[in-house]
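These notes concern the structure reproduced below.
The values are calculated or read from the model by the stated rules, or taken from the named source; none is laboratory data. Values in this document were obtained by computation on a predicted structure and should not be read as measured data. Neighbour counts are summed over all protein chains in view; Cβ atoms, including those assigned to glycine, are modelled from backbone coordinates with ideal geometry. SASA here: full protein model, heavy atoms, side chains in, ligands and nucleic acids out. Shrake-Rupley method; radii C 1.70, N 1.55, O 1.52, S 1.80 Å.
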Amino acid sequence: MDSQISISDLENVISEKVFIKIEKWNLYLGDAGLARHLALECISNKDQGPLEAAKISLKAINVKVGDGVNSIPLVNLITTSQIVELEEILESFF
C-alpha cells in the first residue's frame, strides 16, 4: 500500500471518529485541524503496536489554547473511550 494513501485514509477516519471533549462539547479532530498531525504521529509510532502508538502519539501532540501562548497535550483533552476508539482505528491500519 502506498504510504501517502494510508496517511490520508488514516487522517480521514481520525477526522470523523476522534474528538476533543470539553465539558459537553465534542470537537472532532478534523474540524480542529489535528487529524493529519495525529495520523502522522501514529504512523511514525506504528512499530510500538496500536495501543502504545495511540498513547505515545496523543502525548506527543500539544494543542495550542487561547492566543497560542499555552498548550495542552492532546491526551489530556481526549476521553478514555476516544483513546480506545483510536486504538481500534490503528488496529485496522497496522
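Annotations for the structure displayed:
- Heavy-atom accessible surface of the chain: percent carbon and sulfur, 1.4 Å: 48 percent
- Cross-link reach is defined here as a Cα-Cα straight distance under 17 Å, omitting same-chain residues fewer than 8 places apart; for Lys64 the lysines meeting it are Lys21.
- Solvent-free Debye scattering, log10 I(q)/I(0), computed from the Cα coordinates of the chain at q = 0.22, 0.25 Å⁻¹: -1.09, -1.39
- Remark: the chain carries 60 Å² of accessible area per residue (probe radius 1.4 Å; ligands, DNA and RNA excluded).
- Per-residue [θ]222 nm for the chain (sum of -39500 (n - 2.57) over DSSP H runs n ≥ 4, rounded to 500): -17500 deg cm²/dmol
- In a reduced charge model with +1 at each Lys and Arg Cβ and -1 at each Asp and Glu Cβ, the chain shows a dipole moment near 320 debye about its Cα centre.
- Projecting label points 7 angstrom from Cα along Cα→Cβ for Ser8 and Lys55 puts them 3.4 nm apart.
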